[in-house]
Each structure stands twice: as structure tokens, then as C-alpha cells.
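Structure first, then comments.
The values are calculated or read from the model by the stated rules, or taken from the named source; none is laboratory data. Note that the coordinates shown come from a computational prediction; the quantities given were computed from them, not determined experimentally. Because the Cβ atoms are built from the backbone with ideal geometry, glycine has one as well, and the counts that use them run over all protein chains shown. Side chains included, ligands, DNA and RNA excluded: accessible areas come from the protein's heavy atoms. Shrake-Rupley method; radii C 1.70, N 1.55, O 1.52, S 1.80 Å.
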Amino acid sequence: MPEILLGEYLFLRLKQLGIETVFGVPGDFELALLDLIEPLGLSWVGAPNELVGAYAADGYARLNGVGALVTTFGPGELSALCGLGGSYCESIPVLHIVGYPTTPAQKSGKTLHHTLGDGKFYHYQRISSELSCATTVLDDPITAAAEIDRVLNAMVFHSKPGYIGISEDIAYAKVSAEYIDTKLARSLPHSAPESEASAVALIINQLESAKSPILIVDGGAARASWAEHVDPIIQALKIPFLVTGLGKGIADETSPCYQGCYAGAGSWPRSAIGLVKEADCILWLGNYPSDFNTGIFTENLDHCTIIDLQRFFVKIGENKYDARITHVLPKLISAFSSHRPLAQLPVEPFPEVNRHLTVPVSNKIEQDWLWSRLSSYLRPGDLVITETGTAQVGITAVRFPSGCHGWTQSVYGSIGYAAGAAAGAAIAAKEAGKYNRLVLVTGEGSLQLTVQAFSILTRHGIIPVVFVLNNYGYTIERYFRGWNAKYNDIPMWDYTALFKAFAPDVEPQVKGYKVTTAEELETLLSDEAFCDSIVPQCVDMIMDPEDAPEAMRTVFGAKNAM
């Protein structure tokens, strides 16, 4: 029977899951393993540090469905854990592969570098187990292939990160090639047929008997696994629908049924609050009631029946069913595509995007004007990655054009996430043939954490447009406590020069812009050369430190009044 190296087996399994690119940072305990990647037809993208690599793998997985990251034992893997925490929190399946010292070295009793100096090698796996659905450290070639499959199957099933430690010698151990022909789980198995059928029948009954049903597209329940069904269910139901901040970028917002973003008191437009208040039945896809996703718990939903579709269950009112969103949605689409129309209130037309906004009288780049203006700047097919904080709140007031994809890290909220995630997402989009234009919206403080990600973008042929919200500090922290607190200040950078530093070999030359007035920004956004640019661009937007999006002002006003 033919044999293959265990490391080859691992990477071939990743290819079977649909992974084409592996991210990471090289380190001495993984170098032998890394030598196997490209000969197997996978691409390697080296990250400037492990945190950026973890964010990139997360962004890649959100678009591709699954991602992979390779780091070295100890400091390397610990540096990646913040990124993997976000993947765990928001149900993103990323495999973390860690290169371990050889098994004889581990058994030698000698103090090795990258350890904690106590001769024990299990500390880091135990730490990662809190942020993974399954872990293993391969130390026996006889069981290693089965262990790899166990972790990968668990990762796909739970849609959470997995962890595989593999030493230099074990990576080159031989295993039977026959194992590679056994099938991995690529999707969730069906739940109990009777329970699923009961749930579908009751959902149909609830929606058809409702007088004012609505649909809310949220971002929980591993959104990538069911996103493909969202536009078809909207078209089949033909009822008003809203998105949440976490669900932004899934649905086609040019649909006549689109009614804005729901986030409790921070909803946009304000009419979204009334629409939810008047609803007697809500079909809620991937409900994730976190604080920032609900306007800091200012939603009020006690008046209606909620049909909550999750990854492993469906809850209708107080009744819970063994059924799964990925299987229930196609059946609802089929049922409502052939059923009579739902009893419903007429869908009010949503305001058209105003492409000729008046520049504010103050001539400042005011937050609310900015987000309205960006609605007309975006194009169909754009990939929009938004940083946590002010940007993730402001983006809810932007109406995405058709085919525009994107997200923000609403729940975990690690500042600096967006730059790294944008790199990984754009690479996945290019592989899928969906890449058009990458738009990254971030804050100056967040960008300073992971600006090194720009080198990944330019090195791999990605042409980003980066908008930096520069208001001399952290806006959300100001709302929490103290507008003039010293700890809200951050060092000032020349953001217009960043791409010159991180992309010195890009031709033609990269571009940077510093705009201090709304009139200057309007001129730039109206410039065809800027909008059609074929080089990386960074726009440093100087904004009022005390200004904030309306939704943020409203939410924190409500919070402070509690």
C-alpha cells in the first residue's frame, strides 16, 4: 500500500476542505512542516506577526468557509490567540497548526527554548483548548491520521477553531495513503427528521397567520454556512427585512423589502424601531443578542413571536426543536416559493441613496454625513471590512449596493482586527473569482495595532482603499468615561505615507490623501481617478473628536440614562 508523509496528509486534508491558502509565521519548530505546503499545491502567505496571521485566517475563513494558520510552539502560538478568540466567539472554523519540538527533544528532560522552563509541553495546548472545539498533539504515527480527521470533523461540525500540534519528526512519519480517501464532514448532518418537519410546518403556520411578519438577518450560527440561502428566502417571503450590525453584508440591500439595520435604540433609520415594534412575528436568522449588536440591550421584543433559527436548533416562542438553520431555510424557500403570499403590511419603499448630498454647513467631515456619503461611493461587488468601534456603528447607516459583501467583528471587538481580516478576505475573494474592490474602514488607533497587514495586501496583488477615521483618539472609550481623559490619546502618524513604507516596490506609485474638510472629501469621492484607481490608496480623514454617529449617541444616551 502506498504511503505518504503525515504532514502531506494534513495539508491534503485541508485542500479537501476547500483551503487553497495557508497563513502563518515561520519558526524553527515548524520549518520542516512548511516545506510541504507549496509542493502540494497550496499557497503560503507569510504574515508579519502571528496576530495579523490569525486575523487574516479568520477573514479568509469568513469568505471561504474554513481557514488555516501555522505558527511555532510557545510564543508564536500564544501571539495568535487573540485572533483565534474572535474566531471562536463568532463561530469561524480556523485550524491552528503548531510546530512542536521533536518527540525525542520533548522526552529528553532538557530545558528547550519557547517552553516555560519547567520541562512540560502541555501548557499551551491546555490554553488553546479554551478557544478550540477540539485539540490534539500528534505523537504516535499509528493514530495520527485519525486524530487529524477527528479535529477537522469537529471543527466543521461546530464551526469553531481546531488545534493540531505536530512535531518535526512526526510530520515526516509515513502513514498509509488509503486514509486520504475516507471522507471528511463538509457540512452538518441532518437532525431528527420528525423534529425538523415539525419545526418547518410550525414556522410556515406562524408566518402565514401573522398580520405583520418581518425577517431579521443576524450574524450568529456560523453565518457563512447559511448566507447563500438569505437572498432566496427574502425573495420567497417578500416581507420587510432588516439586518443587524453582525448581519451586515449578507443580504442584498437593494431589495425593495430592505428596511435598514436593527440595533435597539441604535437602529438606522429610526423607522426600523417602529417596524419591529409593530411586528407580531419575527423570523430571526442567526440571532446573536450581544451588547453592541442590540444597542446595548435596548431592544424590546416581548410583544411578538420570535422564530429563532440557529446552527443546532430552532426555537419558536418557548418551544425548541432539533433542527438546523442550514437545512430549514431551503425547505422554507421551497414552501414559500409555491405558497400563497403572506398576509402582511405593505412594504414601505426605502429611501434611495442620495448621491448628491449637501456638504455640511460646518464643512467638517461630520460622522452622519460621512456614512451617508459612503453609501453612494460603494459599488456592486465591493468587499467592505469595517473595524470595531465607531466604524462598526457608522457602517449600519450605509446601504450596500447589490453584490457588496462585508462584515465587522461585532461581538469579540478586538481593535486592529479589520486590517488583518481584510487581507485574508481579499485573498479568498480572489481565489473564488469574486474580487472587485477592497474597502477597509478603520480608526487610527485600531490601525496602529496591525498596520503591518498592509504589506500582505500589496505583496499579493490586492489594491485596497483604506479610509482612516482620524479623530485623535478612541471615540467609544470617550463615551464610556471622559472626553478629555489622557488615556484616550494616541500617537499621531502620517497615514498618507503608510503605503509608501509598506509597498515600496508597487508600481505605479501608491497614493495617500489627507482631507480636513467635507468639501475636500467630497471632491475626492467624486474623482473618477480615485474611484477607479489601480494602486493602493489611504485616505486620512480628520474628524471632530467629539462627534460620533447618531446611533452611537443615541445608544450611549440611553445607557447613561439607565
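Filter the stretch 82-113 down to the residues that are in contact with a helix residue (DSSP H, G or I) (Cβ under 8 Å, 6 or more places away or on another chain) and modelled with pLDDT under 90 and list them by number.
102, 103, 104, 112
List the number of the failed condition for residue 270; all other conditions in (1) more than 18 Å from residue 554 (Cβ to Cβ); (2) open to solvent by 30 Å² or more (accessible area, probe 1.4 Å) hold.
For residue 270, the exception is condition (1).
Here's a check for you: in the stretch 402-428, which residue that is touching a strand residue (DSSP E or B) at 6+ places or on another chain (Cβ under 8 Å) and in a loop (DSSP other than H, G, I, E, B) is nearest to residue 390 (Cα to Cα)?
Top of the filtered list is 415.
If residue 142 satisfies all but one of (1) assigned to a helix (DSSP H, G or I); (2) open to solvent by less than 20 Å² (accessible area, probe 1.4 Å); (3) among the hydrophobic types (A, V, I, L, M, F, W, C), what's the number of the condition it fails?
Exception for residue 142: condition (2).
Hey, does the stretch 114-123 have a residue that's crowded, with 22+ Cβ neighbours inside 10 Å, at pLDDT 90 or above and in contact with a helix residue (DSSP H, G or I) (Cβ under 6 Å, 6 or more places away or on another chain)?
Within the stretch 114-123, not a single residue is crowded, with 22+ Cβ neighbours inside 10 Å, at pLDDT 90 or above and in contact with a helix residue (DSSP H, G or I) (Cβ under 6 Å, 6 or more places away or on another chain).
Taking the condition of being free of Cβ contacts under 8 Å to residues at least 60 places away in the same chain and either buried (at least 20 other Cβ atoms within 10 Å of the Cβ) or part of a helix (DSSP H, G or I) (or both), how many residues in the stretch 160-189 meet it?
Of the residues in that region, 1 qualify.
With the checklist (1) aliphatic (A, V, I, L, M); (2) closer than 19 Å to residue 94 by Cα; (3) in a strand (DSSP E or B) in hand, flag the one item residue 4 doesn't pass.
Residue 4 satisfies every listed condition except (2).
Which residues, taken from the stretch 326-338, are at pLDDT 90 or above and open to solvent by 40 Å² or more (accessible area, probe 1.4 Å)?
Hits for the stretch 326-338 are 330, 331, 334.
Does the stretch 346-355 contain any residue that is modelled with pLDDT of 90 or more, part of a loop (DSSP other than H, G, I, E, B) and surrounded by 14 or more Cβ atoms within 10 Å (Cβ to Cβ)?
no
Taking the stretch 35-55, which residues are under 17 Å from residue 79 (Cβ atoms) and out of contact with any helix residue (DSSP H, G or I) (no Cβ under 6 Å at 6 or more places or on another chain)?
Once the filter is applied, which keeps residues that are under 17 Å from residue 79 (Cβ atoms) and out of contact with any helix residue (DSSP H, G or I) (no Cβ under 6 Å at 6 or more places or on another chain), the stretch 35-55 yields 45, 46, 49, 53.
Residue-wise test of (1) of a type outside the set (D, E, K, R); (2) at pLDDT 95 or above; (3) out of contact with any strand residue (DSSP E or B) (no Cβ under 8 Å at 6 or more places or on another chain); (4) surrounded by 15 or more Cβ atoms within 10 Å (Cβ to Cβ).
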{"residue": "288", "(1), (2), (3), (4)": "yes, yes, yes, yes"}
{"residue": "302", "(1), (2), (3), (4)": "no, no, yes, no"}
{"residue": "306", "(1), (2), (3), (4)": "yes, yes, no, yes"}
{"residue": "317", "(1), (2), (3), (4)": "yes, no, no, no"}
{"residue": "324", "(1), (2), (3), (4)": "no, yes, no, yes"}
{"residue": "340", "(1), (2), (3), (4)": "no, no, yes, no"}
{"residue": "344", "(1), (2), (3), (4)": "yes, no, no, yes"}
{"residue": "359", "(1), (2), (3), (4)": "yes, no, yes, yes"}
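Return the only residue of 51, 6, 10, 31 being more than 20 Å from residue 430 (Cα to Cα) and touching a Lys or Arg at 6+ places or on another chain (Cβ under 9 Å).
Sole residue among the options that is more than 20 Å from residue 430 (Cα to Cα) and touching a Lys or Arg at 6+ places or on another chain (Cβ under 9 Å): 6.
Just one of the numbered conditions (1) surrounded by fewer than 19 Cβ atoms within 10 Å (Cβ to Cβ); (2) farther than 12 Å from residue 468 by Cβ is not true of residue 493; which one?
With respect to (1) surrounded by fewer than 19 Cβ atoms within 10 Å (Cβ to Cβ); (2) farther than 12 Å from residue 468 by Cβ, residue 493 is out only on (2).
Taking into account only those residues within the stretch 251-277 that are free of Cβ contacts under 8 Å to residues at least 60 places away in the same chain and either aromatic (Phe, Trp, Tyr) or in contact with a strand residue (DSSP E or B) (Cβ under 7 Å, 6 or more places away or on another chain) (or both), which is nearest to residue 158 (Cα to Cα)?
That would be 251.
State whether the residues of the stretch 162-172 include one that is of a type in the set (A, V, I, L, M, F, W, C) and at pLDDT below 90.
Looking through the stretch 162-172, none of the residues is of a type in the set (A, V, I, L, M, F, W, C) and at pLDDT below 90.
For the stretch 437-457, state whether one or more residues are open to solvent by 40 Å² or more (accessible area, probe 1.4 Å), modelled with pLDDT under 95 and among the charged types (D, E, K, R).
no
When residues of the stretch 24-78 are filtered for being open to solvent by 10 Å² or more (accessible area, probe 1.4 Å), acidic (Asp, Glu), in a loop (DSSP other than H, G, I, E, B) and touching a strand residue (DSSP E or B) at 6+ places or on another chain (Cβ under 7 Å), how many remain?
The qualifying residues number 1.
Can you name every residue in the stretch 496-514 that is open to solvent by 80 Å² or more (accessible area, probe 1.4 Å) and at pLDDT below 70?
Residue satisfying the conditions is 507 alone.
What single numbered condition from (1) buried (at least 18 other Cβ atoms within 10 Å of the Cβ); (2) out of contact with any strand residue (DSSP E or B) (no Cβ under 6 Å at 6 or more places or on another chain); (3) closer than 21 Å to residue 185 by Cα fails to hold for residue 157?
(1)
State the number of residues belonging to the stretch 538-557 that are open to solvent by 10 Å² or more (accessible area, probe 1.4 Å) and among the small types (Gly, Ala, Ser).
Residues flagged as open to solvent by 10 Å² or more (accessible area, probe 1.4 Å) and among the small types (Gly, Ala, Ser) within the stretch 538-557 amount to 2.
Under 7 Å between Cβ atoms, which residue pairs at least 6 apart in sequence (or on different chains) link something in the stretch 114-137 that is among the hydroxyl-bearing types (Ser, Thr, Tyr) with a partner that is part of a loop (DSSP other than H, G, I, E, B) and at pLDDT 90 or above?
115/74; 124/73; 124/74; 132/160; 132/161
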